[in-house]
Amino acid sequence: MSDETKIDLELDLKGLLCPLPMVRVSQNITNVPVDGVIRAVATDPGAMADIPAWAASTGHEVLSAGKEGDLFVFLVKRTK
Amino acid sequence: METVEMQTLAGVIDKKMNRQLKQYIDICARCAICKDACHQYVGTGDFKYLPARRAELIRQVYKKYFDKTGRFVPALYEARDPDDNLLDELYDSTYACTGCRRCMYYCPFSIDTAWILSVAKAVLIAAGRGNEMLGQLADAAIFKGDNVAMFEGVITSGFEEIAEEVRAITGNPDHGVPVNKQGADVLYVALAGAHSIRPAAVIFEEAGESWTISMFEAANYGYFYGDPEKARLITKRYIDEAVRLGVKEIVVPECGHAYRVAEFFYEAWSKEPMPFKVSHILEKVDDYIKTGRIKVDKGLIEGTVTYHDPCQLGRNGGKFEQPRDIVKAVTSNFVDLTPNRAEQWCCGGGGGIVAMEEFKDVRLKSGSKKVEQLKASGANILACPCENCRLQIEELNEIHELGMEIWQVIDLVVASMPLPGNKKSAGA
Ligand code: SF4
Ligand code: SF4
């Protein structure tokens with residue numbers, strides 16, 4: 001998925017402790033157009049639950065969430 | 001705004017106003033002593049951040065609808081409708097308030113402005129003007145709690161990684177992070193971040209504590225948002241888990257508001273007695289050090305260490321001495337900030353304000369007193385338990401080039417423990 005997906009905004013959330021990665025994604029979601037995608041890279045493992053929970057409760061979509069080495073990488077789509 | 005809508009909002013005030021709050025509104029002498037106590041007013045000079053002014057907005061609506069003097073001669077008593085202008089001002093003055101209650105400490109009548117502002121938050125939420133970010137954080141926590149199965153895998157694998165780090169630090173292959181251990185004495189309710197679990201796990205394991213962790217976290221943005229029902233639901237998750245696991249004690253992390261919620265508010269919200277003891281992690285650590293359950297070495301931390309009392313833990317939680325005793329146990333070079341304990345200046349980062357981008361400017365300006373205190377201390381290391389305080393002070397540290405190291409107290413404790421894998425060393 002990540003290979004083909006067009007990324008509208010890259011967010012470097014490395015070093016931020018939870019819940020700040022989720023806060024930054026939320027603050028930036030309106031900086032991409034509807035259907036646009038944010039690629040967020042975090043180092044706090046808590047983000048693996050926080051960002052999907054935020055997306056589920058606000059109605060946005062996590063296209064993928066996974067670990068790449070020491071990093072947690074998310075593709076989040078703005079749905080509305 | 002429609003008259004009927006304004007009446008509904010005024011009704012929220014009436015419902016929330018108990019005798020004590022009504023008394024606060026009546027007895028304020030407009031002496032403005034509180035203005036010099038509020039870090040936000042001192043840092044910005046902006047009238048809307050003057051504590052008595054914040055409360056005044058609620059008083060004006062109360063007078064208009066529920067007090068005959070205000071009803072009949074509104075102009076004389078500055079009685080007002082909760083219209084859009086009032087709500088705009090109320091939003092700024094309410095959500096910017098860090099709930100530090102320093103104004104209450106200095107007020108000759110001990111008027112609790114932060115409590116009055118909890119009524120303001122209820123009005124704002126009823127008007128659809130609750131802070132969006134805090135509401136989202138609360139909803140995400142509730143969603144996580146309702147869908148534990150969905151997150152169990154990622155949370156557990158995070159615990160496993162932390163357990164490996166714990167073994168590497170302590171050099172003990174039997175150490176780890178026990179998860180959902182039935183019959184443990186202590187349930188540690190951490191924050192979502194690994195930083196609040198790793199050092200606590202090292203300390204619990206080294207102390208030989210019978211402990212466990214669960215899937216639920218202590219942070220409570222429902223409380224900052226101002227919705228007691230959301231706040232209760234977030235807390236209830238770990239209370240229920242503690243009952244299920246049969247623990248004797250809940251230990252909350254360094255986070256100041258989490259301690260206050262568990263220790264002081266939950267029983268009132270749920271109207272149920274807490275079936276176990278609630279402790280702050282620094283109470284436990286202080287006890288482990290004093291009883292010799294963990295060993296700390298004063299020689300491992302270089303430099304001068306000072307301590308910031310987070311408002312929720314200190315002035316509002318009454319925990320002044322245990323954190324200081326811990327810091328004094330890990331260093332011979334401790335200096336206190338001036339003023340300290342109940343008179344401690346709020347750093348400006350509490351109440352969820354670090355998550356609300358719209359208050360960034362007032363937040364940073366309101367840190368001016370903390371910056372003065374830190375500079376005057378001459379310390380190069382700050383021990384600071386609360387997560388929100390640390391975020392704020394780290395930013396102040398950078399902007400004002402203070403050159404300080406900001407440490408969680410339990411990280412400082414682990415750094416001072418003579419452990420084989422201890423690479424982190426303060427002040428070095
Ligand atoms: S110090 Fe107390 S009495 Fe004086 S203005 Fe402030 S809230 Fe009112
Ligand atoms: S509680 Fe703190 S931030 Fe709020 S008005 Fe009082 S002094 Fe200011």
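B:Gly99 is checked against (1) modelled with pLDDT of 95 or more; (2) away from ligand 2 (no atom under 13 Å from the Cβ); (3) not in a helix (DSSP H, G or I) and fails just one. What number does that condition carry?
Looking at each condition in turn, B:Gly99 falls short on (2).
Yes/no per residue for (1) polar (S, T, N, Q); (2) buried (at least 18 other Cβ atoms within 10 Å of the Cβ); (3) within 13 Å of ligand 2 (Cβ to nearest atom):
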| position | (1), (2), (3) |
| --- | --- |
| B:Met6 | no, yes, no |
| B:Ile13 | no, yes, no |
| B:Ile25 | no, yes, no |
| B:Asp36 | no, no, yes |
| B:Lys48 | no, no, yes |
| B:Arg54 | no, yes, yes |
| B:Gln60 | yes, yes, no |
| B:Gly70 | no, yes, no |
| B:Ser93 | yes, yes, yes |
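Among the candidates B:Leu86, B:Leu124, single out the residue that is open to solvent by less than 10 Å² (accessible area, probe 1.4 Å) and away from ligand 2 (no atom under 16 Å from the Cβ).
Numbers: B:Leu124 fails: away from ligand 2 (no atom under 16 Å from the Cβ).
That would be B:Leu86, the only listed residue that is open to solvent by less than 10 Å² (accessible area, probe 1.4 Å) and away from ligand 2 (no atom under 16 Å from the Cβ).
Of the residues B:Ala52, B:Ala10, which is within 16 Å of ligand 1 (Cβ to nearest atom), assigned to a helix (DSSP H, G or I), among the small types (Gly, Ala, Ser) and assigned by TED's automatic domain parsing to the domain that holds B:Ile116?
So the residue among B:Ala52, B:Ala10 that is within 16 Å of ligand 1 (Cβ to nearest atom), assigned to a helix (DSSP H, G or I), among the small types (Gly, Ala, Ser) and assigned by TED's automatic domain parsing to the domain that holds B:Ile116 is B:Ala52.
Taking only pairs six or more apart or across chains, which ones have beta-carbon atoms under 7 Å, a first residue in segment B:143-158 that is more than 7 Å from chain A (Cβ to nearest Cβ), and a second residue that is surrounded by fewer than 19 Cβ atoms within 10 Å (Cβ to Cβ)?
B:Thr156/B:Val179
Please go through segment A:21-60 and pick out each residue that is under 27 Å from B:Ala190 (Cα atoms) and more than 13 Å from every other protein chain (Cβ to nearest Cβ).
Result: A:Ala40, A:Val41.
For B:Phe109, which of the numbered conditions (1) within 13 Å of ligand 1 (Cβ to nearest atom); (2) open to solvent by 20 Å² or more (accessible area, probe 1.4 Å); (3) under 30 Å from B:Trp269 (Cβ atoms); (4) within 22 Å of the chain's Cα centre (by Cα) fails to hold?
If we test B:Phe109 against (1) within 13 Å of ligand 1 (Cβ to nearest atom); (2) open to solvent by 20 Å² or more (accessible area, probe 1.4 Å); (3) under 30 Å from B:Trp269 (Cβ atoms); (4) within 22 Å of the chain's Cα centre (by Cα), just (4) comes out false.
Among the listed residues B:Lys63, B:Lys121, which satisfies the condition of being farther than 30 Å from B:Ile234 by Cβ, part of a helix (DSSP H, G or I) and away from chain A (no Cβ under 14 Å)?
On the way: B:Lys121 fails: farther than 30 Å from B:Ile234 by Cβ.
After applying the criteria, what remains is B:Lys63.
Quick check on B:Ala32: is it crowded, with 20+ Cβ neighbours inside 10 Å, within 13 Å of ligand 1 (Cβ to nearest atom) and small (Gly, Ala, Ser)?
Values: crowded, with 20+ Cβ neighbours inside 10 Å: no; within 13 Å of ligand 1 (Cβ to nearest atom): yes; small (Gly, Ala, Ser): yes.
No; evaluated as a whole, the condition is false for this residue.
I want to confirm something. Restricting to segment A:8-20 and keeping residues that are more than 21 Å from B:Phe143 (Cβ to Cβ) and over 11 Å from the mean Cα position of the chain (by Cα), which single residue is nearest to the other protein chains (Cβ to nearest Cβ)?
A:Gly15
The values are calculated or read from the model by the stated rules, or taken from the named source; none is laboratory data. Model, not experiment: these values are computed from the prediction. Heads up, the Cβs are rebuilt from the backbone with ideal geometry, glycines too, and the neighbour counts pull from every protein chain shown. Accessible surface is based on the protein model in full, side chains and every heavy atom, while ligands, DNA and RNA are left aside. Shrake-Rupley method; radii C 1.70, N 1.55, O 1.52, S 1.80 Å.
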